[in-house]
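**Q** For reference, the structure I am asking about is given below.
All of the numbers you see were taken from the coordinates with simple rules; none came from a lab. Here the structure is a predicted model, which means the values were calculated and not measured. Virtual Cβ from ideal backbone geometry, glycine too; neighbours counted across all protein chains shown.
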There are 2 protein chains.
Amino acid sequence: MKEKDRRIAEGALFTDQYQLTMTQLYFHMGMHEKEAQFDQFFRYYPDYGLHKAGFCINAGLEWLVNWMEGVHFNDDEIALLSSQTRRNGKPLFSDEFLSWLKKDLSFQRLNLRSIPEGRVVHPNTPLAVVQGPLGIAQILETSLLNHLNYPTLVATKAARIRESGRGQLMLEFGLRRAHGVGGNAGARAALIGGADFSSNVGISHLLGFSPKGTHAHSMIQAFIANGQSELDAFRAYADLYPDDCLLLVDTLDTLNSGIPNAIQVFEELRKKGHKPVGIRLDSGDLAYLSIQAAKMLNQAGFPEASIVLSNNLDELVIWQIVTQIQQEASRYGLDAEQLLSRLVYGVGTRLITSHGGSSLGGVYKLVALKDGGDWQPAIKISEVPEKTPSPGYKQLWRIYDQRGKATADLLTLEDEDPDQMDKLVLRHPNERAKRRTLAKAEISEIELLLEDVIKDGRRVYEFPSIENMRNIRDADIARLDPGIRRIMNPHIYHVSLSQRLFDLKEELINSVKNENRI
Amino acid sequence: MKEKDRRIAEGALFTDQYQLTMTQLYFHMGMHEKEAQFDQFFRYYPDYGLHKAGFCINAGLEWLVNWMEGVHFNDDEIALLSSQTRRNGKPLFSDEFLSWLKKDLSFQRLNLRSIPEGRVVHPNTPLAVVQGPLGIAQILETSLLNHLNYPTLVATKAARIRESGRGQLMLEFGLRRAHGVGGNAGARAALIGGADFSSNVGISHLLGFSPKGTHAHSMIQAFIANGQSELDAFRAYADLYPDDCLLLVDTLDTLNSGIPNAIQVFEELRKKGHKPVGIRLDSGDLAYLSIQAAKMLNQAGFPEASIVLSNNLDELVIWQIVTQIQQEASRYGLDAEQLLSRLVYGVGTRLITSHGGSSLGGVYKLVALKDGGDWQPAIKISEVPEKTPSPGYKQLWRIYDQRGKATADLLTLEDEDPDQMDKLVLRHPNERAKRRTLAKAEISEIELLLEDVIKDGRRVYEFPSIENMRNIRDADIARLDPGIRRIMNPHIYHVSLSQRLFDLKEELINSVKNENRI
């Protein structure tokens, strides 16, 4: 896309048409400046087909806020909107509405509370809460969801892959399979959720990371087409990068050509006083080849050389590789744990596209509107009971048990304080029969999860560094029950309503049904 | 992302680190300006799990070329690369290499041939062919694949959804579930492949389309929270948009509230001389509700009102809806065909993320290098025979049979001309036993598929409008055998090598194996 076009396509018009037609209606009804609250949440963990996440890692907030601060309806946007016509040929948008967009619409007029990036999050709890003029909050919907859904999806996948790789070094390689420039958002989310580094040069620099990568098959092919050999290519590479020499060994034949040639070059490096970094395997049976490579490298005196694995890896493939190595390494005279500790995972396509579950169904729902001084809860009666969101202005708490493990996320009314309650009654959001009571003695900590981000027109939140987000993530994951962390068929984490919120939701569903005679 | 950061992240550093480390090696070996050829192709049709595409729609070229023309290694990029260090603390990139990047690297120095956007394409045929200095062509890899893989994936999904919706109006709604700003590339690809319009405001304007959309559930909720009703909301909407009135009817209860209220408002519009547009159904059993809605609208005298369907639609869901309506409409006294012809499909998440098959495995492989005046074919001997790409400089032809249907895509050496041959021998790319011979009389047309796009530093290609791309697409799809067009379990289209190319490939695999003693 051309630069000027890009500014249009990624600015205030980075939204869905219906946000504008609806808001014009609010404007003409005098409702556009009424204070509203929208909650952003997802209803289900990502479902990858054969397996399903037990928790998510929140991501995307900082770039959303940057977008909100930088975007306005300028002359270019207004000119395009003025050009839209109705079926009868007249302009779709009125001049009055367009001048309100231009003059009064600033996303910084919205208050935003959110759960920080890197935190463990669960379904049906507000991850971002927007309060402010109805018309402005409405127009924000599409961009807010775009900025939050995908990063949370990828951060979650990255966390799962990291879990299954048992915390070994993990590299994000997926730019070529990403949705265009969205690959940058994907790389950032991967770095928050579980990847240590990315191959993406630009975004790595901007986020303060060294981009990672060595060479591809094409380098070997170029040398061969140039009348030289794989060994010549390895040797040239080692000459240029003697202390950073990691060689891709599967261009011709991994066991009969690639690894022997790599070892020969490593020996030459060693003689000159350099320490080779390792090899990369990108095809074939990676568990079997890892074992064989480790054996050959050990015999040649390179027991510390890394073995980087790549080729459509994800949490299940890695899990299988780890399991197979644990079962078989000893048969080849190797210590499985030692081998596993030298593995590095390069993860591309299946991370950046969240293979198996390629979208997070995050939504942004109107939950309350202020009438006079009072919040009026808004509710949608859907055919599916679990799709009915919790109404009104709420607080979100995380309850830790005596082991220090998170045992439930609890939604309460704004004026409720679980710390002041003798015991906690946790109601299932829509199944009347399911409830749980926690005595004070069973609880070690109660934590508020939402933080103020934009308040009264100003950013009041300091974004943590990605390093900090990772610390937050690791601490949160460590406080999950192992059953929740399980890659396959995890336990279901409790997300509960307080008794008062539960009663309010029931009351509202009934009253809306009565008033609308349904 | 902030504006200055964005320029960095989407410019010349929108690539993988290994492209730079490899190219530095070429530079120091004096190979970086040697002329090379890379082919971009995909190996397999998208596989959606239970079903698999039988053809793809090519997309992404225009934005790739815009990127290639706009991008350089400027001072900012060079400064970031200078800051990269080796394990020994010294700079990773040499000053000589960095000044070559800055001074001599222009992607317009590459010749680019490509298949136009909108055309039907198949696996293992070059969709883009890049010739030029090895170092420059190498660095292009990541961005080229990023710009072409995702759009082709989405255009293909859009074509499938359009097929299963039998060409009814189809709207792209997926921005909120896209990979960040990559949603714009997705919307464009959807418009090329099968969507008629998009809800995405900015990109629609830039591409010359009216963005589409009416209102969401939140509008009804806002009115209710404001002390009014669904009927009040519909009436207010109809007052503001009397000739563009399309109402979402499932906020409370589709059959008992939404549709009756919509009909009441439509009757009021009719009295004032306006024609209502229709309704939208976004939940529940869409086939059953379509039938009921059609019945109610017909009885009220609105047989032409559109029924827009949305909610996780894709080609299979639409196919089921169409089938169910065909089977059941008559039981309710409706003509199935008449009902199907008033349906409109709003497709979001599952289109923009290519649900079920969320990536296209497009690759970009070195196939030849010029040594002196001669092209030396490059080849990678992989463990998997079908992964071995066809070597060298090739022509790609499409062969049409006597019915005018495309019967094979044929790769030949550059100097071969199938038009001059008495009969065509079509060899399977890797199975020796499979071959097919076409007599001249069996062939109605032979067409060259690749067109010059950038040549000798200049763009020599005029990009077609999206309208034109759609004409190209429709013509190509019409010339496919119905078995190839089938949504489930399609026939396999023939992609073949000429006898001479087949022989060359065999020869090369053997000679590389011998030289490398494998």
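**Q** Only loop residues by DSSP count here, and only those with at most 10 other Cβ atoms within 10 Å; note down the trypsin sites (Lys or Arg not before Pro) in segment B:478-517 that meet that.
**A** B:Arg517
**Q** I've got another one for you. If I model a spin label at B:Arg166 and B:Gln320 as a point 7 Å from the Cα along the Cα→Cβ vector, what separation in nanometres do I get?
**A** 1.9
**Q** Beyond 29 Å between alpha-carbons counts as too far, so tell me which of A:Lys365/A:Lys455; A:Lys52/A:Lys423; A:Lys157/A:Lys440 fall in that bin.
**A** Over 29 Å apart, Cα to Cα: A:Lys52/A:Lys423; A:Lys157/A:Lys440.
**Q** Two-decimal Rg/Rh of the protein assembly as shown from alpha-carbon positions, Kirkwood Rh?
**A** 0.98
**Q** Hey, what's the Cα Rg ratio for segment B:333-425 versus the globular rule of thumb, 2.2 N^0.38 Å?
**A** Ratio of Cα Rg to 2.2 N^0.38 Å: 1.82.
**Q** Another question, if that's okay. Can you tell me, using C-alpha contacts under 8 Å and at least 6 residues apart, the relative contact order of segment A:22-142 as a whole percent?
**A** Values: 173 pairs, mean separation 55.2, N = 121.
Once divided by the residue count of segment A:22-142, the mean separation gives 46 percent.
**Q** For a test of the definition: using alpha carbon positions, the gyration tensor, and the 1.5 limit on a/c, classify segment A:405-454 as rounded, prolate or oblate. Let's see the in-between values first.
**A** Working: a/c = 1.80, a/b = 1.28, b/c = 1.40.
It is oblate, given that a/c is not under 1.5 and a/b is not larger than b/c.
**Q** Oh, and also: Taking the Cα centroid of segment B:444-518 and of segment A:318-360, what is the distance between the two, rounded to the nearest whole Å?
**A** 36
**Q** How high is the relative contact order of chain A, in percent, counting Cα pairs under 8 Å that sit 6 or more residues apart?
**A** Relative contact order here is 19 percent.
**Q** With a ≥ b ≥ c taken as the square roots of the eigenvalues of the C-alpha gyration tensor of segment B:139-207, please select rounded if a/c is under 1.5 and otherwise prolate if a/b is larger than b/c or oblate if it is not?
**A** Oblate is the answer for segment B:139-207, as a/c is 1.5 or above yet b/c matches or exceeds a/b.
**Q** How big, in percent, is the set of alpha carbon pairs in segment A:384-518 lying more than 22 Å apart? Please list the in-between numbers first.
**A** Values: 4538 of 9045 pairs.
Counting pairs separated by more than 22 Å, the tail of P(r) holds 50 percent.
**Q** Output, in nm with one decimal and in ascending order, the distances from the B:Asp104 label point to the matching label points of the other copies (7 Å from Cα along Cα-to-Cβ).
**A** With the label placed 7 Å along Cα→Cβ, B:Asp104 yields 6.1 nm.
**Q** Can you quote the Å³ per residue value for the convex hull of the Cα atoms in segment B:265-327, rounded to an integer?
**A** So the per-residue hull volume is 84 Å³.
**Q** Stick to Cα atoms and the Kirkwood definition of Rh, then tell me Rg/Rh for segment B:1-59.
**A** 1.16
**Q** Please work out the Kirkwood hydrodynamic radius for segment B:24-124, using every pair of different C-alpha atoms, and report it in angstroms with one decimal place. Walk me through the intermediate numbers first.
**A** Values: mean 1/r = 0.0585 Å⁻¹.
Taking the inverse mean of 1/r over all distinct Cα pairs, segment B:24-124 comes out at 17.1 Å.
**Q** Is the shape of segment B:59-105 rounded, prolate or oblate, going by the alpha carbon gyration tensor and its root eigenvalues a ≥ b ≥ c, with a/c under 1.5 for rounded and a/b larger than b/c for prolate?
**A** prolate
**Q** Identify the trypsin sites (Lys or Arg not before Pro) of segment B:345-453 meeting these criteria: DSSP loop state and at most 13 other C-beta atoms within 10 Å of the C-beta.
**A** Answer in residue order: B:Arg403, B:Arg432, B:Lys434.
**Q** Now for a separate question. Segment A:1-56 to segment B:65-95: how many Å between their Cα centroids?
**A** Each part's Cα centre sits 36 Å from the other's.
**Q** While we're here: Give me the tail of P(r) for segment A:112-168 as a percent: Cα-Cα pairs with distance above 19 Å.
**A** When all Cα pairs of segment A:112-168 are counted, 40 percent exceed 19 Å.
**Q** Show me, bin by bin at 5 Å from 0, the whole-percent P(r) of segment A:298-455 based on Cα pairs.
**A** 1, 6, 10, 11, 10, 9, 10, 10, 9, 8, 6, 4, 2, 1, 0, 0
**Q** If I model a spin label as a point 7 Å beyond the Cα along the Cα-Cβ vector, how far apart are those points for A:Glu442 and A:Lys405 in nm?
**A** The two pseudo-label positions are separated by 1.4 nm.
**Q** Continuing with this model, one more query. What are the residues whose amide H is under 5 Å from the amide H of B:Ser198, where those residues sit 5 or more places off or on another chain and H is modelled from the backbone?
**A** B:Glu172, B:Lys212
**Q** Same structure again: Could you grab the relative contact order for segment B:258-383? Cα pairs under 8 Å, six or more apart, rounded to a whole percent.
**A** Contact order relative to length: 20 percent.
**Q** Moving on to the next point. Give, in whole angstrom and from largest to smallest, the semi-axes √(5λ) of the equivalent ellipsoid of segment B:239-358, with λ running over the eigenvalues of the Cα gyration tensor.
**A** 25, 18, 12
**Q** Semi-axes of the equivalent ellipsoid for segment B:176-293, please: Cα gyration tensor eigenvalues, times 5, square-rooted, ordered largest first, whole Å.
**A** Largest first, segment B:176-293 gives 28, 17, 15 Å.
**Q** Follow-up. Show log10 I(q)/I(0) for segment B:200-251 at q = 0.26, 0.27 Å⁻¹, two decimals, from a solvent-free Debye sum over equal Cα scatterers.
**A** -0.95, -0.98
**Q** Once you treat every alpha carbon in segment B:310-371 as an equal point and sum by Debye, what is log10 I(q)/I(0) at q = 0.15, 0.17, 0.19 Å⁻¹?
**A** Summing over Cα pairs of segment B:310-371 leads to -0.62, -0.71, -0.80.
**Q** Next question. Just need log10 I(q)/I(0) for segment B:86-234 at q = 0.17, 0.20 Å⁻¹, Debye formula, equal scatterers on the alpha-carbon atoms, no solvent, rounded to two decimals.
**A** The computed values of log10 I(q)/I(0) come out as -1.06, -1.20.
**Q** Between copies, how far does the label point of A:Leu50 sit from its twins, in nm, shortest first, when each point is 7 Å from Cα along Cα→Cβ?
**A** 1.8
**Q** Then there's this: Rounded to the nearest 500, what is the 222 nm mean residue ellipticity of the protein assembly as shown from helices alone, with -39500 (n - 2.57) per DSSP H run of 4+ residues and division by all residues?
**A** Computed ellipticity for the protein assembly as shown at 222 nm equals -12000 deg cm²/dmol.
**Q** Additional query: Would you mind computing, in nm to one decimal, how far apart the modelled labels at B:Tyr332 and A:Lys275 are, each placed 7 Å from Cα along Cα→Cβ?
**A** The answer from the label model is 7.2 nm.
**Q** Using the Karplus curve 6.51 cos²θ - 1.76 cosθ + 1.60 with θ = phi - 60°, what ³J(HN,Hα) values do you get for each residue of segment B:116-133, in whole Hz, with x for Gly and Pro?
**A** Calculated HN-Hα couplings, in order: x, 5, x, 6, 5, 9, 9, x, 6, 10, x, 8, 9, 10, 10, 10, x, x Hz.
**Q** Here is a further query. Residue-wise, which Karplus ³J(HN,Hα) couplings in Hz belong to segment B:37-54, taking 6.51 cos²θ - 1.76 cosθ + 1.60, θ = phi - 60°, and x for glycine or proline?
**A** Coupling constants for segment B:37-54: 10, 10, 9, 9, 7, 10, 8, 9, 4, x, 10, 9, x, 7, 8, 8, 6, x Hz.
**Q** For chain A, count all C-alpha to C-alpha pairs, find those more than 42 Å apart, and express that count as a whole percent of the total.
**A** 31
**Q** Enumerate the calculated ³J(HN,Hα) couplings along segment B:18-28 in order (Karplus 6.51 cos²θ - 1.76 cosθ + 1.60, θ = phi - 60°), each rounded to whole Hz, writing x wherever the residue is Gly or Pro.
**A** Residue by residue, segment B:18-28 yields 5, 4, 7, 5, 5, 5, 4, 5, 3, 4, 6 Hz.
**Q** Among the lysines, which have Cα under 17 Å from the Cα of B:Lys275 when same-chain residues fewer than 8 positions away are ignored?
**A** Partners found: A:Lys90.
**Q** Okay, next question. Measuring nothing but label to label, 7 Å from Cα along Cα→Cβ, what are B:Arg86's distances to the other copies in nm, shortest first?
**A** Here B:Arg86 shows inter-copy label distances of 7.1 nm.
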